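Trainee: Sharing a structure below in structure tokens format, with a few things to ask.
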Amino acid sequence: MPHIRRYVFNPTGITRVVEEEYDDQTEPQTRGYIHVNVTASTRVSLNEREHQKSSSNVVSSSSSSGSQEDIESRCSICMEVWTNGGEHQVSCLPCGHLYGFSCINKWLQLRPSSGKCPQCNRACSFKDVVKIYASKIAAVDDEGQKRIVSLEAKLSSVEEKTRSLSNKEARWREKKAELRLEITNLRKKMYQDRHGHDEPSYSFKHHKEVLVNGGRIFEINGGRQNLLLARRLSGSGGTFVLTQINLHTGKIDDDILLPRTTRAIQDLRLSPHNNGLAVFGSLGKNLSFISLDSHNTVLSYDHLPAAPLSCSWDLNSCHHVYAGLQNGTVLVFDMRQNKRPLASLAGVTSNPVHTIHHLSAYSTPTSDVGGELLSASSTGLCQWNISGSEGKPTLVSETRNLGTCTASSYCPRTSHVVATYRRRAESSDNTIPAVNSTDGVYGFHVGLKRRVDGTYSQKQSSTQAIVKTIILPKTAIIDFGMERRQLFASYDDSTRELILQDPSSFTVSQRFALSSPHLLQDVKYAHLNGSGLLGLLTDDRFQLLRN
């Protein structure tokens, strides 16, 4: 019984060599493989294969990665790469299949009377082998190319439908707001017809008061039922700390110590994604993230181009944060990229951005940065269309030349905005009354409503009180929830009162006197256990009102 070596060639690119002793009449046949009996004198020597490996001018680089492109660049007989010259030069048969010249030559010499292509079994002979002269061979998948064109056409169609649906959604939102307003007016009329007087307005009463030291800015955390307060310690060189106060007991839970290099904190925002993070910007030109669980600084962006005066979380993505700088620039941060900001967006002017809001109602929830921003500087309100690392700012025309914009408040549910202005002495606007008092200048508010096209238009303005100080006042829009109205909270510097007004008509609903002789530093509203809490912060105390 002869000793036979059987070469098993697999068209998919896997070659197996098995040495067995078979009887010629009983040797089994294997479907899908080509069996070649080779005597010892006709075996392909290892030396020849090593010579093929070292041939110069390789067409496609050898790799052991096993990728589809790497496999298609190899001779399916020896599994080595082709060359563009030498014994293993790339060659083809009439059927179009490619092999190294030395390999296909030896293959056809084994069965000169019945030569076939190793892959498709089409009959051929040595004289049919044609050498190919090329520096590199590459084939474009025609079916794949057609599929790409088809998918691009489908994508374009989907994008067009998405734009159409977005426009319809905006119109539906406006119609819904109009219907809600009509329902509210009908309910008021029904209540008046039944009881003979108007429905009582929402009012706040004193609930709790906590003495603090050096209060500057705060945030109410309804989920954790506490508040986070940024304050400056006296007698310690102006050191800043973050203090947590329990809303039930009114007691200070603990202090979160900050680096001694932390300068005056300008803005503080809790994450709306319930991940226990807070972000704050300081005059030290850094933006820092604090964990409320571990009390540690988890991330800090230092040496920014200018001090961040305002910041805002992306309401649709827990990774993205926006900051308005003192030089008028808006920075986009991605917490997963902790070395530097994701993007730096130049503003319309170089005036400091003292307030910034992410407009949630007109953004699509996504893991990528995007949506719209509304920032405020002394020039007025500026609307930003953020796309990836780019942003295009546009000054809201209705707020141009009204005076010096000192604050802005935003309601995410209804997208209403109220901007606060201080009248310039040289202003020629006849709608703003002249000042005959030596106490200061008039301050006033402007209500803005969003149009269908996404821009903001002036809704109504109302002159308020005389502004005596040069500090930036704090305002807030109180949102009582669905099917309920809103109130606008502002500080009257002349009467030292907190004024609650309807943001549409600026009709005064309530006045609340501050218990502290100091100026109001911050005002915020939050829901807690089915009721609303309104916080007022001065330098020496924190007042909590409940509606």
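The values are calculated or read from the model by the stated rules, or taken from the named source; none is laboratory data. These numbers come from a predicted model, not from an experiment. In this analysis, Cβ positions are derived from the backbone assuming ideal geometry, glycine residues included, and neighbour counts consider all displayed protein chains. These area figures cover heavy atoms from the full protein model, side chains too; ligands, DNA and RNA do not enter into them. Shrake-Rupley method; radii C 1.70, N 1.55, O 1.52, S 1.80 Å.
Trainee: How would you order 264-271, 403-410 from highest to lowest mean count of nearby Cβ atoms within 10 Å?
Mentor: Packing order, densest peptide first, comes out as 403-410, 264-271.
Trainee: For region 226-309, what does the alpha-carbon gyration tensor say about shape, rounded, prolate or oblate, given a ≥ b ≥ c as the root eigenvalues, a/c under 1.5 as rounded, and a/b over b/c as prolate?
Mentor: Oblate.
Trainee: Rank these by accessible area, largest first, 1.4 Å probe: LEU304, LEU186.
Mentor: LEU186, LEU304
Trainee: Report the local net charge at VAL452: Lys and Arg +1, Asp and Glu -1, summed over other residues whose C-beta lies under 13 Å from its C-beta.
Mentor: Neighbourhood net charge equals +4.
Trainee: Follow-up question, since we're still on this one. Using +1 at the C-beta of Lys and Arg and -1 at the C-beta of Asp and Glu, which of PHE333, HIS303, ALA343 has the Cα lying farthest in the positive direction of the dipole of region 236-377?
Mentor: HIS303
Trainee: Using a 1.4 Å probe and counting only protein heavy atoms, arrange TYR442, TYR133 so the residue with the most accessible area comes first.
Mentor: TYR133, TYR442
Trainee: If you don't mind, another one. If we sort 500-506, 394-400, 294-300 on the protection proxy, mean other Cβ atoms within 10 Å, highest first, what's the order?
Mentor: 500-506, 394-400, 294-300
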